[in-house]
Amino acid sequence: MHVLLTAGPTYEPLDPVRFIGNHSTGKMGYALAETFAAAGATVSLISGPTKLPDPAHPAIRTTRVQTAAEMYRAAEAEAARADVWVFAAAVADYRPAEVAEQKIKKSGDTLTLELVKNVDIAFELGKTKRPEQFSVGFALETENEQAHALSKLHRKNFDLVVLNSLRDAGAGFGHDTNQITLLAADGSVTRFELKLKSAVAHDIVGAVLARLPHSHA
Ligand code: CTP
Ligand code: CA
């Protein structure tokens, strides 16, 4: 079984010394890579900038990227041959319209930046998904959580969506724990307790393996 996994944030440059990014640490994605590898899969981990070392497991090949465009190119190159896609990256939705060649100098009292939309990696690859391939997305919502997560599942052709809760203290960005709800294309909804990200990774991998055709499991 071959798994394509995106993880971490993306950094979208503004000038040679600045970027727009987010607080994703990559912990959840790296834990998923380790857990899939431990289950016998080979993993192509496409990682944005993180402070984490490349996972040591020999079945995990890590490719480092900075921007959403780079992450898309790297993921696209692996997508056709992967049995399972997992989109755990916190991809920047927008990037600066222009990247200044020189450091932007301080001038007026306000500065307005123009941003343009980034490629939606999961959406674009979702259009190419074959029936035997399995796609897992993440959703982090602050309102109408399940409805928004389900609409992402349909729009991006996911088979499973991992809804991250922000309601529990200790869940999500920067924490070692996470509280998730799994929503499947068949309509099933499974809520899990707050637990370590390594244990959450086991729950997610277990749910994926249970839904794969038996030839893969
Ligand atoms: N995703 C992606 N490429 C993007 C944006 C998102 O691959 N440019 C993936 C994420 O990795 C995640 C899923 O799509 O698996 C949902 O990401 P999310 O940010 O929740 O969804 P958006 O469609 O960007 O919607 P919004 O941020 O407005 O809620
Ligand atoms: Ca987004």
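State whether one or more residues within the range 66-74 are in a loop (DSSP other than H, G, I, E, B) and away from ligand 2 (no atom under 16 Å from the Cβ). So far as the range 66-74 goes, yes, one or more of its residues are in a loop (DSSP other than H, G, I, E, B) and away from ligand 2 (no atom under 16 Å from the Cβ). Scanning the range 105-122 for residues that are more than 16 Å from ligand 1 (Cβ to nearest atom) and of a type outside the set (Val, Ile, Thr), we see that the one that is surrounded by the fewest Cβ atoms within 10 Å (Cβ to Cβ) is 109. Of the residues making up the range 2-56, those that are touching a strand residue (DSSP E or B) at 6+ places or on another chain (Cβ under 7 Å), among the β-branched types (Val, Ile, Thr) and closer than 18 Å to residue 139 by Cβ number 1.
Per the conditions (1) near ligand 1 (Cβ under 10 Å from one of its atoms); (2) in a loop (DSSP other than H, G, I, E, B); (3) at pLDDT 95 or above, the sole criterion not satisfied by residue 125 is (2).
Among the residues of the range 142-158, those identified as assigned to a loop (DSSP other than H, G, I, E, B), out of contact with any strand residue (DSSP E or B) (no Cβ under 7 Å at 6 or more places or on another chain) and on the phi < 0 side of the Ramachandran plot are 142, 143. Taking the criterion of being surrounded by 22 or more Cβ atoms within 10 Å (Cβ to Cβ) and either touching a Lys or Arg at 6+ places or on another chain (Cβ under 7 Å) or over 19 Å from residue 53 (Cα atoms) (or both), the residues of the range 13-31 that qualify are 27, 28, 31. Exactly one residue out of 46, 20, 60, 104 is among the hydrophobic types (A, V, I, L, M, F, W, C) and in contact with a Ser or Thr (Cβ under 6 Å, 6 or more places away or on another chain), and it is 46. Go through the range 32-61 and report how many residues are more than 21 Å from residue 177 (Cα to Cα), within 14 Å of the chain's Cα centre (by Cα) and surrounded by fewer than 23 Cβ atoms within 10 Å (Cβ to Cβ). Here the count works out to 1. Of the listed requirements (1) under 21 Å from residue 178 (Cβ atoms); (2) surrounded by 20 or more Cβ atoms within 10 Å (Cβ to Cβ), residue 75 misses just one: (1). Go through the range 93-122 and give me each residue that's part of a loop (DSSP other than H, G, I, E, B), in contact (Cβ under 8 Å) with a residue 60 or more places away in the chain and within 14 Å of ligand 2 (Cβ to nearest atom). Answer for the range 93-122, where residues must be part of a loop (DSSP other than H, G, I, E, B), in contact (Cβ under 8 Å) with a residue 60 or more places away in the chain and within 14 Å of ligand 2 (Cβ to nearest atom): just 118. Whether any residue in the range 78-89 is among the β-branched types (Val, Ile, Thr), away from ligand 1 (no atom under 12 Å from the Cβ) and crowded, with 22+ Cβ neighbours inside 10 Å is what I want to check. The answer is yes, given that some residue of the range 78-89 is among the β-branched types (Val, Ile, Thr), away from ligand 1 (no atom under 12 Å from the Cβ) and crowded, with 22+ Cβ neighbours inside 10 Å.
The values are calculated or read from the model by the stated rules, or taken from the named source; none is laboratory data. The structure presented is a predicted model; accordingly, all values stated were derived computationally and were not measured. Note that each Cβ is placed from the backbone with ideal geometry, even for glycine, and that neighbours are counted across all protein chains shown.
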